[in-house]
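Engineer: After the structure tokens below, expect a handful of questions from me.
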């Protein structure tokens, strides 16, 4: 069968070329066409996705090394720069991401959970984006600890680093895992399977980062302090040590590099004081709340559906087929209204179905369908109903002496008492009904008796002669021509409404079926499902953030920020032509998790500020109780990491997707993920610090601030690197 399909497709492609030469155009679709074209699309997407991963990989590896390596240091001491490089550390981080994805796929495959195209293309990207973020945060915090506690051993410095940044990672990883896991409880297979794989991959990735990566980080620091080359640790470079630093690069008392990069200095001296000014805060809150209000207003305008043409690669012959199908094909798909477990041998149930006899119910199944046909612009029903019950009962009319005949050639109900009548008296019931029905379904229609049921209804009626019931029957009609996703969705919704009306009016069980319904059933519940998923995720974020931060007020503001981000993303989808379907619903779930990743570290740094940073804030009363000072300290502490490690990493990966030939990837991934990165970064780095400075919850003293003289001296080491005049401010 597959070989025949392939031969047919090849023949039609040749005919298509010949038709083009004659000034004609042929469009076609074979059973094998859709699968093959989707596979072509996937193969194209794989190249783009791999390039995207490679870009993020090289950025991560180079950016990690840039924390201690600058162009001037390379020119001054190339050997020292080779030692200071963290390229191998970045490779290990990427390997951990691949390990977590592989482990998740293997784990859920063992439980029989099928992987889909969405999983294969999105999960590695998602985990890489999340994983690289945490790597940046860990490494950047470790560099700070190397300066403030350079006299401690490497294990102690690593432990101190995890004590500072670990709670943020725990917060983001927990909320992301729970957010994705919520999707595993929905009925839509694409979303359910994705959610399970994503939750497993994110959780395993976090576990590997706080175990394997931290171990490699400690080994890398020992290599660095021993003056061994990055990537080739067996080679010790003699010229790697700076004469002014007896303990070598990365050793006590300092690492030999200025702790602050240009980005951190910009945030500390310019950005943070600017956005936390009184006037700036009013303007920022006004703008973001206005955008949020506009986003809410746009939510009802989002369209539903997934145009099949978007799933095709550019230039596919299937695109012309779908275009011509919508433009010229003037017939709608057939639709069947199916009854279940109905005892049609009883007269009362016969009246609930029929339409041609005087005692049929006014709102019987066939009568309702006929009424709906007369308003096809609303019902999307175009044809008269093929009613087996009416044709069968009419077939029994003795006056039609060429139809139902017994073995003697006489009309079946010739001697019926009372006689057959349009009032339905004299028509068979019980066993007689089943007997006549069996005869009718096996009788072939001829010119003299077109009512015989073998050809038209042999597959429309299933009966049980023992229980005298009909487990299933269907009444066939057809939809109007459907030319868009909106038409298909509206037709399905109308069919469900009609079936519900029939069921309610006649107290019977009826449901509609058409071949395309299986693809559009998701849209019956997708809005409610999306609302439930996002709402449940926000409630879990509120609960977990409250528990891990110890402040309901701060947790509420984080949850509000995430809700605003998701609202703005969906509103952007409305404006840029991204409809709501299983693919975009997966991206909305991703948006909730990634939004937490952006916000969690700022919130944690606000709740537990580092004393060495907080006390230098350009505000009065710089204690753990001062909200403005803590907001400033949070931006100074992790703002640079959030921008360079989270925002830039994701932007680089997303921009590569703009070059894909796949329309579905360009629309449903590039546009949505670009909106995600932009809105999440703006809210996390602009709105959240401002609203925390005004309404944030209580703060807690860093446990390290209670270390007495030893801690004071360590914190002074950090402050010694920051010239006093850098903190002069007219705030």
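Engineer: If I model a spin label at residue 459 and residue 438 as a point 7 Å from the Cα along the Cα→Cβ vector, what separation in nanometres do I get?
Structural biologist: Those two pseudo-labels are separated by 2.3 nm.
Engineer: Sort 197, 380 by Cβ crowding within 10 Å, fewest neighbours at the top.
Structural biologist: Ascending Cβ contact count within 10 Å gives the list 380, 197.
Engineer: Over what distance in Å are the Cα centres of segment 142-178 and segment 361-398 separated?
Structural biologist: Centre-to-centre distance over Cα atoms comes out at 72 Å.
Engineer: What FRET efficiency comes out for residue 658 versus residue 153 if R0 is 56 angstrom and r is the Cβ-Cβ distance? Round to the nearest 0.05.
Structural biologist: E between residue 658 and residue 153, to the nearest 0.05, is 0.75.
Engineer: How much length is gained if the chain between residue 314 and residue 531 is pulled fully straight, taking 0.36 nm per residue apart and subtracting their Cα-Cα distance, in nm to one decimal?
Structural biologist: Taking 0.36 nm per residue and subtracting the Cα distance, the gain is 74.8 nm.
Engineer: So, one more: Taking the convex hull of the Cα atoms, report for segment 545-596 its projected area averaged over all directions, in nm².
Structural biologist: Computed as one quarter of the Cα hull surface, the answer is 3.7 nm².
Engineer: Report, to two decimal places, the Cα Rg of segment 331-519 normalised by 2.2 N^0.38 Å (N = number of residues).
Structural biologist: So the Cα radius of gyration is 1.06 times the expected 2.2 N^0.38 Å.
Engineer: Here's a follow-up. Counting other beta carbons within 10 Å of each Cβ, put 270, 174 in order, fewest first.
Structural biologist: Arranged by neighbour count, lowest to highest, 270, 174 become 270, 174.
Engineer: By count of other Cβ within 10 Å, fewest leading, how are 630, 347 ordered?
Structural biologist: Neighbour counts put them in this order, fewest first: 347, 630.
Engineer: Give the relative contact order (percent, whole number) for segment 307-413; include only Cα pairs under 8 Å separated by 6+ residues.
Structural biologist: Normalised by residue count, the contact order of segment 307-413 is 12 percent.
Engineer: Please find the FRET efficiency linking residue 467 to residue 503, where r is the Cβ-Cβ separation and R0 is fixed at 22 Å, and quote it to the nearest 0.05.
Structural biologist: After rounding to 0.05, the efficiency reads 0.55.
Engineer: As an exercise, use a Förster radius of 60 Å and the Cβ-Cβ distance of residue 401 and residue 4 to find the FRET efficiency, rounded to the nearest 0.05.
Structural biologist: 0.80
Readers should treat all values here as calculations from the given coordinates under stated rules, not as data from a laboratory. If you're wondering where the values come from, they're calculated on a predicted model, not measured in any experiment. With ideal geometry, Cβ positions are generated from the backbone for all residues, glycine too; neighbour counts draw on all protein chains shown.
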